1. State which residue is most open to solvent (accessible area, probe 1.4 Å) when the search covers only the stretch 277-323 and only residues that are part of a loop (DSSP other than H, G, I, E, B) and charged (D, E, K, R).
2. For the structure I just gave you, tell me whether Glu116 is open to solvent by 30 Å² or more (accessible area, probe 1.4 Å) and acidic (Asp, Glu).
3. Out of everything in the stretch 255-276 that is among the polar types (S, T, N, Q) and modelled with pLDDT under 95, what residue ends up being most open to solvent (accessible area, probe 1.4 Å)?
4. Which residue is modelled with the lowest pLDDT, if the candidates are limited to the stretch 93-123 and must be under 22 Å from Lys142 (Cβ atoms) and among the charged types (D, E, K, R)?
5. Quick one: how many residues across the stretch 186-198 are open to solvent by 50 Å² or more (accessible area, probe 1.4 Å), in contact (Cβ under 8 Å) with a residue 40 or more places away in the chain and over 18 Å from the mean Cα position of the chain (by Cα)?
6. Quick check: anything in the stretch 188-208 in contact with a helix residue (DSSP H, G or I) (Cβ under 7 Å, 6 or more places away or on another chain), under 21 Å from Ile278 (Cα atoms) and in a loop (DSSP other than H, G, I, E, B)?
7. For the stretch 232-250, does any single residue satisfy the condition of being of a type in the set (S, T, N, Q), open to solvent by less than 60 Å² (accessible area, probe 1.4 Å) and more than 30 Å from Gly184 (Cβ to Cβ)?
8. Can you name the number of the only condition in (1) at pLDDT 80 or above; (2) part of a helix (DSSP H, G or I); (3) over 16 Å from Val140 (Cα atoms); (4) of a type outside the set (Lys, Arg) that Gly247 fails?
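The values are calculated or read from the model by the stated rules, or taken from the named source; none is laboratory data. The model shown is predicted, which means the values in this text are computed figures rather than measured ones. Virtual Cβ from ideal backbone geometry, glycine too; neighbours counted across all protein chains shown. For accessibility, only protein heavy atoms count, side chains too; no ligands or nucleic acids. Shrake-Rupley method; radii C 1.70, N 1.55, O 1.52, S 1.80 Å.
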Amino acid sequence: MLDRRKSELPTTPSTSLPPLEDYLEASQQNLSACLSPFDGTVDVNVAGIDVTLHYVKFNQHTKKPKFKEFAKALAKHVVRFTLSSRTRNQVRSGDDYFEDEGELQTIARDYFRKVENSGEVGELLLFFLLEAALKAPQAVCKMELKTNPNDEIKGADGIHVKWDEKGGHLDVFLGEAKMYQNIGDAMDDALDSVANLYNENKLEDELHLVTSHFKHLDQKLQNAVTAWVRGESSPDDCHIIHACLIGWDFGKYRLLDSDPGSLFRDFEDHYRNYCKNISRLLNRRFDAYEHRHLSFNFLFIPFRSVKSFRKAFYRALLGKSLP
């Protein structure tokens with residue numbers, strides 16, 4: 001268990017916790033250019049569950065969604081997602097900025113599994129959304145902790161932190177990124193992963209990563225976040241939220257093949273109607289879920305084809321298609 005001894009650090013956020021938003025690295029400009037927040041209604045009959053809806057924007061001229069552009073935008077974030085400040089500073093020791101940037105890109109790219117069914121595209125997308133949309137900076141570069149580039153990340157797919165001004169506590173987001181052809185399969189896998197974290201007593205291991213592998217070098221920030229995660233002033237100072245990215249193949253995108261103008265015009269109506277299905281699927285799963293008392297934030301993004309989006313990402317990352 002983590003050490004719960006009292007800390008002598010002051011407990012007010014203004015003196016103990018530097019501004020976390022200063023450490024956000026995902027591009028707000030890329031978010032605005034490629035993704036649109038959506039105001040659809042998802043009703044869940046369980047407390048402690050938030051739902052965030054987005055969709056990939058349409059090109060105003062072609063009337064087609066900007067999936068390729070979004071894949072390219074994500075590929076530009078691999079250094080920020082994969083490499084800690086310490087690693088980047090070690091590489092940026094030369095006088096040639098562009099050469100250093102190229103080396104960082106190569107190092108980060110090599111951490112990714114080069115397979116079409118890799119879950120790491122979803123993990124990068126989850127990082128992008130938590131930072132750019134929810135304003136929660138990444139606390140640990142889990143990709144950098146992999147001992148084998150052919151392995152997937154163990155445990156949670158991401159760890160982010162955010163100060164809750166209204167509640168006066170630190171939020172720690174433990175991420176699960178699931179992108180499947182079927183939305184129900186993605187939900188099942190996300191909830192199973194969260195359940196395993198508790199049933200196999202791995203939560204403390206994930207929180208320990210925040211205290212031992214902090215992404216940023218600022219010692220004051222590191223000490224303050226560590227104190228909150230350990231609950232050294234009060235167990236209520238740190239709230240755990242399970243952030244679950246759900247990506248799926250949305251059947252309405254098939255209308256692009258027959259009438260792209262119609263989908264461009266009516267997409268939000270189709271998505272809004274589909275929110276009723278999202279509500280039904282979530283409620284059915286939480287009715288019998290053993291960990292329904294936990295806090296969740298579900299982040300939904302529909303795709304024309306999850307498989308095609310992965311391919312587009314790897315083309316952007318590698319400059320060629322996967323073999």
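1. Just the residues of the stretch 277-323 that are part of a loop (DSSP other than H, G, I, E, B), to begin with: 288-294, 304-305, 319-323.
Still in the list and also charged (D, E, K, R): 290, 292, 304, 320.
Values: Glu290: 115, Arg292: 87, Arg304: 99, Lys320: 132 Å².
The qualifying residue most open to solvent (accessible area, probe 1.4 Å) is Lys320.
2. Spelling it out, Glu116 is indeed open to solvent by 30 Å² or more (accessible area, probe 1.4 Å) and acidic (Asp, Glu).
3. Here the answer is Ser258.
4. Going through the stretch 93-123, the residues under 22 Å from Lys142 (Cβ atoms) turn out to be 103-123.
From the residues that got through so far, the ones that are among the charged types (D, E, K, R) too are 103, 109-110, 113-114, 116, 120, 123.
Details: Glu103: 89, Arg109: 92, Asp110: 91, Arg113: 88, Lys114: 84, Glu116: 81, Glu120: 94, Glu123: 96.
The selected residue is Glu116.
5. Of the residues in that region, 1 qualify.
6. No, the stretch 188-208 has no match at all.
7. Start the filter on the stretch 232-250 by keeping residues that are of a type in the set (S, T, N, Q), which leaves 233-234.
Next, only the ones that are open to solvent by less than 60 Å² (accessible area, probe 1.4 Å) stay: 233-234.
Next, only the ones that are more than 30 Å from Gly184 (Cβ to Cβ) stay: 233-234.
Yes - at least one qualifying residue is present in the stretch 232-250.
8. (2) is the only condition that Gly247 fails.
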